[in-house]
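J.: Just dropping this structure here.
Coordinate-derived values only; no laboratory data. Fair warning: this is a prediction, and the values are worked out from it, not measured in the lab. Cβ atoms come from the backbone with ideal geometry, glycine included; neighbour counts cover every protein chain shown.
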Amino acid sequence: MDSQSIICDDTLKFEANYPDIKSNIQQKFQDSIDLYKFDDNARQIRYRTEGPLVPNDNGKIPILILLSNPHPHSVRQGMFLSPNRVGKENPFWNTLRGTGYFKQSNQITPSLMIENRYESPFRIFIAVLFSFPSNFPHELPEIFGVGEYQKMIIAGKRKTEELLAKYDIKNIICFGKTQYDIMASFASPDQYTNALKRGNVIQSQASFSNAVSIFLTFPTGWRYDTDSQHMKCENLKQIMEIIITASGTPLHKADERKKDLKPFHQQKATSNIWFVVHHRDLWDIDSRLIGFYNRNQWEPLKVGDVVIYYRAGFKEITGVFRITEKAVNLNKHFYIEDIAERTIHQCRLELLSDDIICYRPTTEAKFSFFDTWVSARYGLRKQVFSARQDDLELILRDTTVPTFYFGDNVKYRKQ
């Protein structure tokens, strides 16, 4: 990839299911099959993709526009968010101009963005979470299967984290819930576009660093409202003004008027509470770790969430913890032979309190998760259950234990 191009090659290698994956690609992407090269002997696929767009350092605020994955047409055009097949500009650029924080009327090219030939308080990076091109993001798990798709998630998240660290980027704007939910500490709300339409800003800390803020805005092509273009511009403008204010930079002269911002993250950033049933012997390996072989059990858990740890076999609650780290294989030795597969999806825990007054949920105690827990055969079918603040009141003796976090501010439970 030369200095003025964002197009590069990438490779995926498969130990299993290569014939099926190859067949899926050939069937779905007949119009763009030239982008994909198959090596049957090596069981790998080489493909053209869009590498990250890294602008020259201009001393301005770095932000990352994070997209899901490239569209084959954009790869052919040689630029993220390129014009469509009839030459019409991608609506993203009009939305960006509509904020007042990006002024450029010429055709958008890689060199223009790399050389910062636009007026803006920002140094704009653009990247994709998944490098494999497809017509729609939802096609990826259909093509590769769940197992390979999970590997793509891990690889994409790692590359994004490396990009952020290398260029000291503290703010990510996600144009879609897929990449937001993978990168953020807190999942996006149900029907999130309705929240955006009401003027809310959806924001979270990154799941891997409290120093990185992640924002969710409308998808680039969203148009499901008569006033959709205005809504997209206003929401993105709110996000940019939050970033500018946090950086200590004065607001852009084009718009210094005060806005009544309504950040949704203040409502949403409350920690979730979970009742987690864990194998008794895993506690002896690492008492500050929980792990699952089923990723679906692990996926809802986020950094900052509160865990009521129930040690199966001993049939007792051992403590209330907060999740401080979430990753695959934090401890590669965290498994036992009794469990069918290795518990590689893990969360690191910090003890909040082990001063317990109710060691085992009962019908009489009226725990919110009790019926669901019983129907799941006391944790044999499912290990993670949604819990509530009332459950903590039944479990903990000390009512001053901090359980919820709002950014850097601690909210204590009522005494």
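J.: So if we plug the beta-carbon distance of His73 and Glu364 into 1/(1 + (r/R0)^6) with R0 = 45 Å, what FRET efficiency do we get, rounded to 0.05?
T.: Step by step, r from the Cβ atoms, then E = 0.15.
J.: Continuing with this model, one more query. Which ³J(HN,Hα) values in Hz, rounded to whole numbers, follow from the phi angles of the range 351-366 under the Karplus curve 6.51 cos²θ - 1.76 cosθ + 1.60, where θ = phi - 60° and Gly and Pro get x?
T.: Residue by residue, the range 351-366 yields 5, 9, 6, 10, 8, 9, 10, 9, 8, 9, x, 9, 4, 5, 6, 6 Hz.
J.: While we're here: To the nearest 0.05, how large is the calculated FRET efficiency for Thr372 and Asp284 if R₀ is 35 Å and r is the Cβ-Cβ distance?
T.: 0.80
J.: Oh, and also: Run the numbers for Glu119 and Asp190: contour at 0.36 nm per residue of separation, minus the present Cα-Cα distance, in nm.
T.: 22.0 nm
J.: Here is a follow-up. Treat every Asp and Glu Cβ in the range 7-247 as -1 and every Lys and Arg Cβ as +1, leave all other atoms uncharged, and give the resulting dipole magnitude about the Cα centre to the nearest 20 debye.
T.: Approximately 360 debye in magnitude.
J.: Right, another one. About the Cα centre, and with charges only on the beta carbon of Lys, Arg (+1) and Asp, Glu (-1), how big is the dipole of the chain? Nearest 20 debye, please.
T.: Taking the Cα centre of the chain as origin, the dipole is about 740 debye.
J.: Now for a different question. If exposed GluC sites (Glu not before Pro) are those in a DSSP loop with at most 16 other Cβ within 10 Å, what is the longest stretch of the chain that has none?
T.: That gives 116-255 as the longest site-free run.
J.: Run through all the Cα pairs of the range 273-395 and give the fraction in each 10 Å bin from 0, expressed as whole percent.
T.: Calculated over all Cα pairs of the range 273-395, the distribution is 14, 50, 32, 4 percent.
J.: Next up: Exposure proxy check: Ile290, Ile273 ranked by fewest other beta carbons within 10 Å?
T.: Final ranking by Cβ density, sparse to dense: Ile273, Ile290.
J.: Per residue Cα convex hull volume for the range 1-103, in cubic angstrom?
T.: 141
J.: Related question: Can you find, among Tyr47, Thr11, Gly221, the residue sitting farthest towards the positive end of the charge dipole of the chain, where Lys and Arg contribute +1 and Asp and Glu -1 at Cβ?
T.: Of Tyr47, Thr11, Gly221, it is Gly221.
J.: Can you tell me how the range 121-246 classifies by the Cα gyration tensor, rounded, prolate or oblate, using a/c under 1.5 as the rounded cut?
T.: Oblate, because a/c is 1.5 or more while a/b does not exceed b/c.
J.: Just the C-alpha atoms of the range 96-171: what Rg/Rh do they give, with Rh taken as the Kirkwood radius?
T.: 1.07
J.: Just want the ordering: Asp305, Asp31, from fewest to most Cβ atoms lying within 10 Å of their own Cβ.
T.: In order of increasing Cβ crowding within 10 Å: Asp31, Asp305.
J.: Looking at Val303, Ala155, Gly291, which one has the Cα that reaches farthest to the positive end of the dipole of the chain (charges on Cβ: Lys, Arg +1; Asp, Glu -1)?
T.: Val303
J.: Sticking with this structure for a sec: Which residues does the label zone of Val146 cover in the range 336-376, counting backbone N under 18 Å from a point 7 Å along Cα→Cβ?
T.: 340-346
J.: When the chain is modelled as a GNM with alpha-carbon springs shorter than 10 Å, which of Thr49, Thr362, Thr226 fluctuates the most?
T.: Thr226
J.: If you wrap a convex hull around the C-alpha atoms of the range 7-247 and split its volume per residue, what is the figure in Å³?
T.: 131
J.: Mind checking which helices in the chain clear 18 Å along their axis (Cα) and have mean Kyte-Doolittle hydropathy of -0.5 or more, DSSP H runs only?
T.: Span-like helices here: 139-167, 228-247.
J.: Something else: Set Lys and Arg Cβ to +1 and Asp and Glu Cβ to -1, take the dipole of the chain about its Cα centre, and tell me which of Ala211, Gly379, Ile243 lies farthest positive.
T.: The residue sitting farthest along the positive end of the dipole is Ile243.
J.: Using only Cα atoms, figure out Rg for the chain and give it as a multiple of 2.2 N^0.38 Å.
T.: That ratio works out to 1.08.
J.: What full-extension length gain, to one decimal in nm, is calculated for Asp57 and Ala155 as 0.36 nm per residue of separation minus the Cα-Cα distance?
T.: Result for the pair: 32.6 nm of gain on full extension.
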